[in-house]
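Chemist: Below is a structure I'd like to ask you about.
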Amino acid sequence: GGAEVVNVAGPEQASLRQVADLVGEIVGRPVPLRAAGQRAGDAAATRADLTRAHQVLGFTPKVGLREGLIRQWQHRSADLQPEPARQVGQ
């Protein structure tokens, strides 16, 4: 009871190709994409309406797409780093 769904996103629009290219720049290798063509029901473009998020949560985006992807990559990269070996008895 009382739950509500709201869009939470940044203010920028980007195509899947633009996001893949940006991710490739950040991680240092291209992101392979394979064109599959249009499918029934595909939207030509979508954009999050942040009106409800602002009204209900007071949400206003403060991080752009590039910065958000960089932060996400840094966070995930840190998770993938092996922990340093510990000495016996420590």
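Chemist: Pick from the stretch 22-55 the residues that are free of Cβ contacts under 8 Å to residues at least 40 places away in the same chain and acidic (Asp, Glu): which of them is least open to solvent (accessible area, probe 1.4 Å)? Please lay out each step first, then the result.
Modeler: If we filter the stretch 22-55 for residues that are free of Cβ contacts under 8 Å to residues at least 40 places away in the same chain, which is where we start, we get 24-25, 28-47, 51, 54-55.
Now narrow it down to the ones that are acidic (Asp, Glu): 25, 42.
Working: Glu25: 119, Asp42: 79 Å².
Only one residue tops the list, namely Asp42.
Chemist: What residue, among those in the stretch 1-49 that are of a type in the set (Val, Ile, Thr) and not in a loop (DSSP other than H, G, I, E, B), is nearest to Ile70 (Cα to Cα)?
Modeler: For the stretch 1-49, the residue satisfying everything is Ile26.
Chemist: For the stretch 59-77, state whether one or more residues are among the hydrophobic types (A, V, I, L, M, F, W, C) and at pLDDT below 90.
Modeler: No; the residues of the stretch 59-77 include none that is among the hydrophobic types (A, V, I, L, M, F, W, C) and at pLDDT below 90.
Chemist: Another one. Consider the stretch 56-80. How many of its residues are in contact (Cβ under 8 Å) with a residue 40 or more places away in the chain and assigned to a helix (DSSP H, G or I)?
Modeler: Of the residues in the stretch 56-80, 8 are in contact (Cβ under 8 Å) with a residue 40 or more places away in the chain and assigned to a helix (DSSP H, G or I).
The values are calculated or read from the model by the stated rules, or taken from the named source; none is laboratory data. Everything numeric in this text was worked out from a predicted model, so none of it was measured. Reconstructed Cβ throughout: ideal geometry from the backbone, glycine too, with neighbour counts over all protein chains shown. For the accessible areas, the whole protein counts, side chains as well, though only heavy atoms, and no ligand, DNA or RNA atoms are used. Shrake-Rupley method; radii C 1.70, N 1.55, O 1.52, S 1.80 Å.
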